[in-house]
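Below is one structure, written out as structure tokens; the observations come after it.
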Amino acid sequence: MNFAEHPDFAAAVSLAEELADSARATARRHFRTPLEVERKADGSPVTVADRQIETDMRRMIRAAFPKHAIRGEEFGAEGTGEFTWVLDPIDGTKSFVTGYPLFGSLIGLLQGGRPVLGVIEAPALAERWVGSEGHPTLFNGREVRTSDCRAIAQAVVYTTTAETFDAGERRRFEALSGRAALRRFGGDCYLYGMLAGGYCDLVIEVQLKPHDYMAAIPIIEGAGGRISDWRGAPLSSESDGRVVAAATEPLWQQALSELRGA
């Protein structure tokens, strides 16, 4: 059954918005305040805000949909079933702890492993993108579309940081972005919202986890764009962490050619 036809569709979308509201309130309460920053095993930072947001979202999901599974960045996976919520309480914690406003909360819903609902919440800016299967992407309640860019030479290309690329990935990224109209850095999940709204044309990332990209998939696709791994395969929980999102099919195909090393 298409998710848009599922009897829980409206309730799930409503809950996703409530989760984003909760994340916004908590993030704004802690943003640009003195925070203790801890380091996780992988060296990435985490704060009380990350943990509080995910704790609250898990509680809300269990109350509304007790049979749904949950997979979050901070507290792992719990439950099994047709539906799984994928949560990143603060995507861009480095930005968050340094007072930079382009961090976000990511809320994704999978049906049978397929992303069918996604929210990118940017708390500091009071901006939100919502994408759901069978519906156009919304930005603060109004429909948005990707740009009509069809060639790398005219494209605005973003990546969060080139530091995460290995030598081969860096070489391919440099070759592609060097031919683009403009190359910019920084943004984490906010980049996918910018692409959905037509403000950039290509987003190229590596070393991402499912909680980093699952929410973005319905948002990009609902706005008319394409998103996949660097081989062009659909993103899944088993993907290798390399992600490319493009405004149009022709631009996506050109980017894949470059990123495959062809």
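None of the figures in this text is laboratory data; all of them are computed from the coordinates on show. None of the values given here were measured: they were computed from a predicted structure. Neighbour counts are summed over all protein chains in view; Cβ atoms, including those assigned to glycine, are modelled from backbone coordinates with ideal geometry.
Here is how the numbers come out for the structure above:
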| item | result |
| --- | --- |
| ALA10/THR55 FRET efficiency (R0 30 Å; Cβ-Cβ; nearest 0.05) | 0.70 |
| In sequence order, calculated HN-Hα J values of region 63-71 (Karplus, 6.51, -1.76, 1.60; Hz; x Gly/Pro) | 5, 7, 9, x, 8, 7, 7, 9, 10 |
| Most fluctuating residue given options LEU109, LEU235, LEU117, as computed from a GNM of the chain linking Cα atoms under 10 Å | LEU235 |
| Considering only region 152-259, percent of DSSP beta bridges that pair antiparallel, nearest 5 | 55 |
| Ranked list, fewest to most other Cβ atoms within 10 Å of each Cβ, for ASP88, ASP50, ASP166 | ASP166, ASP50, ASP88 |
| ALA181 long-range amide H proximity, modeled H, under 5 Å | GLN154, ALA155 |
| Partner lysines for LYS40 [C-alpha distance under 19 Å; skip if fewer than 8 residues away on the same chain] | LYS94, LYS209 |
| For peptides 150-160, 39-49, 206-216, sequence by mean Cβ density within 10 Å, most packed first | 206-216, 150-160, 39-49 |
| Label-zone membership for region 232-250, site GLN154, 7 angstrom Cα→C-beta point, backbone N under 18 Å | 246-250 |
| Under the Karplus curve 6.51 cos²θ - 1.76 cosθ + 1.60, θ = phi - 60°, whole-Hz ³J(HN,Hα) for region 231-245, x wherever Gly or Pro sits | 8, x, 7, x, 6, 8, 5, 9, 5, 7, x, 9, 10, 10, 10 |
| Tilt relative to the chain, helix 249-259 - C-alpha long axis, 0 to 90 degrees, to 10 | 80 |
| Separation between Cα centres of region 1-39 and region 117-183, rounded to whole Å | 21 |
| Estimated inter-spin distance, ALA162 and SER237, nm [label 7 Å along Cα→Cβ] | 3.6 |
| At R0 = 30 Å, FRET efficiency that the Cβ-Cβ distance of TYR199 and ARG170 yields, to 0.05 | 0.75 |
| Projected label distance in nm at LYS67 and ASP42, using a 7 Å step from Cα toward the beta-carbon | 3.2 |
| Long-range HN-HN contacts of TYR199 with modeled amide H, under 5 Å | none |
